[in-house]
């Protein structure tokens with residue numbers, strides 16, 4: 001999907017070393033969100049459009065907190081706002097500082113990642129875990145789901161709703177390329 005890069009913050013990991021890049025991106029619809037960039041450094045593309053392949057984690061707690069029906073998915077057993085704030089507080093975050101976005105669209109049970117993205121993925125484990133992942137097709141584009149975070153309650157895909165609404169816990173950059 002085409003993303004305009006508004007800003008990039010560099011977050012240093014003092015405990016383990018290394019950096020994470022927090023990209024503030026905007027879609028053509030005007031939707032702004034934060035993308036975790038663990039493996040690339042796109043700072044020279046600020047104020048430019050790039051093509052991105054994005055992966056999302058659902059936030060069952062945020063869905064529950066917003067009163068959303070997440071019944072098609074198996075929720076985590078325990079949601080504790082106190083625990084989330086305690087763990088996040090260690091990194092200067094709290095539940096109110098999250099940048100959750102709501103995605104609404106068509107559920108795709110087994111999306112085939114286009115071949116053009118496979119060689120661009122770093123590290124290579126992205127390609128292995130994204131072997132025909134589930135995805136959500138929105139008006140903005142396709143967001144891939146991390147497979148370990150997308151458990152369905154139903155055994156049969158025929159019983160699963162065609163359209164779903166989720167709240168994102170985080171959005172990660174799996175691959176990208178510049179637009180010419």
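The table that follows gives values for the structure above.
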quantity: Any hit, the stretch 62-73, residues being over 27 Å from residue 162 (Cα atoms) and either at pLDDT 70 or above or out of contact with any strand residue (DSSP E or B) (no Cβ under 8 Å at 6 or more places or on another chain) (or both); calculated: no
quantity: Residue that is modelled with the lowest pLDDT [pool: residues in the stretch 100-126 that are over 17 Å from residue 51 (Cβ atoms) and not in a loop (DSSP other than H, G, I, E, B)]; calculated: 125
quantity: Positions within the stretch 23-60 being free of Cβ contacts under 8 Å to residues at least 60 places away in the same chain and over 15 Å from the mean Cα position of the chain (by Cα), in sequence order; calculated: 30, 41, 43, 44, 46, 47
quantity: Answer residue from the stretch 127-180, given it is over 16 Å from the mean Cα position of the chain (by Cα), surrounded by 12 or more Cβ atoms within 10 Å (Cβ to Cβ) and part of a strand (DSSP E or B) and is modelled with the highest pLDDT among those; calculated: 177
quantity: Within the stretch 16-26, considering residues that are touching a strand residue (DSSP E or B) at 6+ places or on another chain (Cβ under 9 Å) and either over 15 Å from residue 138 (Cα atoms) or crowded, with 17+ Cβ neighbours inside 10 Å (or both), the one modelled with the lowest pLDDT; calculated: 18
quantity: Test: residue 36 is on the phi > 0 side of the Ramachandran plot and either at pLDDT 95 or above or surrounded by 13 or more Cβ atoms within 10 Å (Cβ to Cβ) (or both); calculated: no
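The values are calculated or read from the model by the stated rules, or taken from the named source; none is laboratory data. Note that the structure is a prediction, hence the values are computed from the model and not measured. Note that we place each Cβ from the backbone using ideal geometry, even for glycine, and neighbour counts take in every protein chain shown.
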